[in-house]
Amino acid sequence: MTALPTHTEKKLGLVIDLDTCVGCQACVTACKGWNDQGQGLSDQNPYGADPSGAFLNRVHTYQVQPEEGSAQIIAFPRSCLHCEDAPCVPVCPTGASYKRVEDGIVLVNEDACIGCGLCAWACPYGAREMDQAAGVMKKCTLCVDRIYNENLPEEDREPACVRTCPTSARHFGDFADPDSKVSKLVAERGGYDLMPDLKTKPTNKYLPPRKKDRPQEASLLAPLLDIKATGFAGWLDKVLGKI
Amino acid sequence: MHPAASVIAFTVLSGMGFGLLAFLGLGLPAPEGWMAFFHWGLGYALAVGGLSASTLHLGNPQRALKAFSQWQTSWLSREAWAAVATLLVFAPMALSDIFGLGLPRLIGQLGAVLAVLTVFTTSMIYAQLKTVPRWNTPITQGLFFSFMLAGGSILSGNGKIALIGCALTAAALLAAFAIGDKAFGKAAQTIGTATGLNRIGAVKVFEQPHTSPNYLMREMIHIVARKHADKLRLIALGFSCVLPFLLLLLPASPALYAVTATIHVIGALTARWLFFAEAEHVVGLYYGQR
Ligand code: SF4
Ligand code: SF4
Ligand code: SF4
């Protein structure tokens, strides 16, 4: 049913830490790998001149120029935010798109999807991509086939992207529980919503990069470059400096 | 947004078709025999042809029947219901006109109301999208309705109403251009709010997340042909409204209506192409493109 539930028991989602993310793209690969063997995520012409394919997670890189000081490079992972008021769900004509009452995960039932693409139009965050081979819509499942999967060792029962991240920039948990790790992270670090004015109420939150503890005026290599000359070279340096 | 030929053809042809059917339903005109067959046939052909063109862009058209299930929430599902209901309700009226059965006009009037509803549901599919600010205004409904009125009245030979229809369409197009050009700015979403990094400073793309375009970029970002937008706006306005308006002032004849209808369709297709090509989706912000 494409009516949104008024309340979900849990609010499962991700916290993405823009402070620690180094943009290594490991989550992109892990997500693609896991979901390709699970639900299938086709590529078109993967080794050709114009490769293309469906991915459920993409990592952008932005340059941000603060009012003062030098610019910062920020890697920015983007996947479905499992919005509470998900605009992608009610537009679906077939009932293929739905939000689960038990945990708030937004899913697509591929057997019912006609591939009209309207849900991708309705999502502000570009979280849905059409599988060109299957003709159905794909999106992040929050790795629903891992997090409840008793065939996996306990430490693997979390999303593939979270499990693989080498800097632990992605955290998985229940936002409905104020004592969960993700809720605490959001409270401590000022986790925020993307495009909050669109009133989608995203479940996933982003942690802003921490403030630099010192101004970054010169190159980080500067101390190494400032080599004090000694001996004859030092004497020459002093003499030449005085002329 | 990517201007898909199938969707442009569908919305223009079915809009005109439902317009023509509405006028026939109202008995304006009320032809008999073969003339009735020809008129109703044209209306059905356009409406049904348009609807089937729309299934061309589906990934799995064989499941299209499932699209009837979510009428409570989805405008696309409501459109499917409204279209089928309209075509069914008109059927006895069409047969009555063709074979002179003398069924009450009320059936046709009910069908006309449903036809307007159908075009309204089509327009809502676009107008509901907050992600595409240019569409997210009541002008969108106005555009679809005025094109239905102009196209339907020209095809049914209602000269006076067609003059009004052309004038209304011109007004709607001009309003859509003027309001639409400001819509994205008014929605106030930027690369800064999309990433939330506006809390640090001015954001720009440093590197794209992938090397060649993906589904999102192909579907939602359409920059290529916008550079001719001004010329195309003039063509849309001239062919869909101004020229038909002038032609309709000449002494009426079937040939004149045929020419007028052809010119109007060219203008309407151009206008609908622009409707898509000029519409910018907020997801483009993540790519620094619109
Ligand atoms: S991020 Fe997009 S696809 Fe995911 S729930 Fe929100 S609107 Fe839907
Ligand atoms: S593409 Fe599939 S899931 Fe999306 S709106 Fe259409 S039918 Fe629903
Ligand atoms: S939760 Fe799973 S499906 Fe979603 S982005 Fe991470 S790896 Fe991909």
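The values are calculated or read from the model by the stated rules, or taken from the named source; none is laboratory data. Owing to the predicted nature of the structure, the values given are computational and were not obtained by experimental measurement. Heads up, the Cβs are rebuilt from the backbone with ideal geometry, glycines too, and the neighbour counts pull from every protein chain shown.
So here's what we get for this one:
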read-out: Whichever residue in the stretch A:118-132 is in a loop (DSSP other than H, G, I, E, B) and away from ligand 3 (no atom under 16 Å from the Cβ) and, among such residues, is farthest from the other protein chains (Cβ to nearest Cβ); value: A:Gln132
read-out: Matching option when the condition is within 14 Å of another protein chain (Cβ to nearest Cβ) and either of a type in the set (Val, Ile, Thr) or out of contact with any strand residue (DSSP E or B) (no Cβ under 8 Å at 6 or more places or on another chain) (or both), among B:Gln128, B:Gln109; value: B:Gln128
read-out: Residue within the stretch A:93-116 that is within 14 Å of chain B (Cβ to nearest Cβ), among the polar types (S, T, N, Q), more than 13 Å from ligand 1 (Cβ to nearest atom) and assigned to a loop (DSSP other than H, G, I, E, B) present; value: yes
read-out: Qualifying residue in the stretch A:76-97 (condition: within 16 Å of ligand 3 (Cβ to nearest atom), surrounded by fewer than 21 Cβ atoms within 10 Å (Cβ to Cβ) and not aromatic (Phe, Trp, Tyr)); value: no
read-out: Those residues of the stretch A:11-38 which are surrounded by fewer than 18 Cβ atoms within 10 Å (Cβ to Cβ) and either within 16 Å of ligand 1 (Cβ to nearest atom) or among the hydroxyl-bearing types (Ser, Thr, Tyr) (or both), in sequence order; value: A:Thr20, A:Thr29
read-out: Contacts under 8 angstrom Cβ, first residue in the stretch A:133-147 being within 14 Å of chain B (Cβ to nearest Cβ), partner among the basic types (Lys, Arg) and within 15 Å of ligand 3 (Cβ to nearest atom), 6 or more apart; value: A:Met137/A:Arg128; A:Lys138/A:Arg128; A:Lys139/A:Arg128
read-out: Matching residues, the stretch A:9-39, being within 12 Å of another protein chain (Cβ to nearest Cβ), without any contact (Cβ under 8 Å) to a residue 40 or more places away in the chain and either more than 10 Å from ligand 3 (Cβ to nearest atom) or more than 23 Å from A:Ile105 (Cα to Cα) (or both); value: A:Gln25
read-out: Residue list for the stretch B:190-240, restricted to those being within 14 Å of chain A (Cβ to nearest Cβ), out of contact with any Phe, Trp or Tyr (no Cβ under 9 Å at 6 or more places or on another chain) and buried (at least 20 other Cβ atoms within 10 Å of the Cβ); value: B:Thr193, B:Ile200, B:Tyr215
read-out: Residue match in the stretch B:197-216 (condition: at pLDDT below 95, closer than 28 Å to B:Gly288 by Cα, of a type in the set (Val, Ile, Thr) and out of contact with any strand residue (DSSP E or B) (no Cβ under 8 Å at 6 or more places or on another chain)); value: yes
read-out: Scope the stretch B:26-67; condition part of a helix (DSSP H, G or I) and within 8 Å of another protein chain (Cβ to nearest Cβ); matching residues; value: B:His57, B:Pro61, B:Arg63, B:Ala64, B:Lys66, B:Ala67
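To keep it simple, each residue is scored yes or no on (1) free of Cβ contacts under 8 Å to residues at least 40 places away in the same chain; (2) of a type in the set (Gly, Ala, Ser); (3) in contact with a Pro (Cβ under 8 Å, 6 or more places away or on another chain).
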{"residue": "B:Gly41", "(1), (2), (3)": "yes, yes, no"}
{"residue": "B:Tyr44", "(1), (2), (3)": "no, no, no"}
{"residue": "B:Ala53", "(1), (2), (3)": "no, yes, no"}
{"residue": "B:Gly59", "(1), (2), (3)": "yes, yes, no"}
{"residue": "B:Arg63", "(1), (2), (3)": "yes, no, no"}
{"residue": "B:Lys66", "(1), (2), (3)": "yes, no, yes"}
{"residue": "B:Ser74", "(1), (2), (3)": "yes, yes, yes"}
{"residue": "B:Ala82", "(1), (2), (3)": "yes, yes, no"}
